[in-house]
Amino acid sequence: MTSLALIAILIAIAITFDFLNGFNDSANVVATIISSQAMSPRSALTLAAIANFVGPFIFGVAVAKTIGSEVAHPGAITVTVVLAALLSAIGWDLFTWYFGIPASSSHALIGGIIGAVVISAGFQALEGSGLIKVALALFTSPLLGFVAGWLTMTLMRFAARNATPRVNEFFKRAQLPTGFILALSHGTNDAQKTMGIITLGLVVLGFQSSFDVPWWVIVISATAIGLGTIVGGWRIIATIGRKFYRIRPIHSFSTQIASASVIIAASLLGGPVSTTHVVSTSVLGVGAAERVSQVRWGVLTEIVIAWLLTIPATAALSALLYLVLSNLIPAH
């Protein structure tokens, strides 16, 4: 199989992963807007799709560089490793989508890379400093989302303490810009993961000598995540938008501000975070700030289980896929 054929296959699978990422994570961006009745489902998804496309062009490619060059030693990354990681992440995305579980595409991709690298080159091929950076981003961002949600809701309640019920109209209208910003943050962070994978393939196969993200990779990655978003993962929208508690405009507005703040900060620092978990925990923080008892904490259990299982599950699946693919694909 030629290098050109391999890079074509890799790009096709990476774009599929990117599309499914947008498909899954559309819930994170639009669930609260729809549940608070600030926008219709189709309008909300269209807004999110446009913002997801624009996001990667605004905030740079720091996350792409983290994914592509800081998780494992460059010498341990082969096309087979990349393909195994992508396929395992796609499989996990489809599995969790089917059951309506808000799982993380970011965790899935990282787990896939780890599993394939370990089975092919051993634990010593992993980059300790890069993995620490990734772990800090993935595992602290949900906590930061909860705290940011709680603080934002507390401030909003204080600001609106003497307001009449008409303040709900303000919070409904205000969700247009805040929802757009949240979608921008999602496109910024999540599309970059696909950019990193494709650029990694270009380097491994000798199409370019250094890890610099080409403009056309940014375009196709942004397009794929935007298209996935507009299709929408309705099962997960129901989980985030209705199962935690009854979301009103003030809750949605606060969630969007809190989530976007955490995700944009992580993107600028090069930290790959899970939009799914940041938004979910922001929703919980917002609800807890109003009344702890109103939150259905039991729903959080399945999210936490998925959170804990994603990396080991995708690492194991990726390792198995690597063994299969290594017999089908010549060494590159």
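Each value in this text was obtained by applying a stated rule to the coordinates, not by laboratory testing. Everything numeric here is computed off the predicted structure, so don't read it as measured data. Cβ coordinates were reconstructed from backbone atoms using ideal geometry, including for glycine residues, and neighbour counts include every protein chain displayed.
Compared with the dominant Cα axis of the chain, that is its longest principal axis, helix 41-58 is turned about 50°. The simple spin-label model puts a point 7 Å past each Cα toward its Cβ; for Ala316 and Arg166 those points are separated by 5.9 nm.
With q set to 0.14, 0.16, 0.18 Å⁻¹, the log10 of I(q)/I(0) for region 19-156, from the Debye formula over equal scatterers at the Cα positions, is -0.82, -1.02, -1.20. Simple spin-label estimate for Val324 and Ile305 gives 2.5 nm between the two label positions (7 Å along the Cα-to-Cβ direction from each Cα).
Our estimate of slack between Phe57 and Gln208, defined as 0.36 nm per intervening residue step minus the Cα-Cα distance, is 52.2 nm.
A Förster distance of 30 Å, applied to the separation of the beta-carbon atoms of Ala12 and Leu143, puts the FRET efficiency at 0.25.
By the Kirkwood approach, averaging reciprocal distances over each pair of separate Cα atoms, the chain gets a hydrodynamic radius of 19.6 Å.
Residues in region 170-203, backbone N under 11 Å from the label point at Ser3 (7 Å along the Cα-to-beta-carbon vector): list them, ranges by number please. Only 202-203 pass the distance filter. Only lysine pairs 8 or more places apart or on separate chains count here, and in region 3-325 those with Cα atoms under 25 Å apart total 4. Report, to the nearest 10°, how far helix 249-269 tilts away from the longest principal axis of the Cα atoms in the chain, using its own Cα long axis and a range of 0 to 90°. The angle comes out near 30 degrees.
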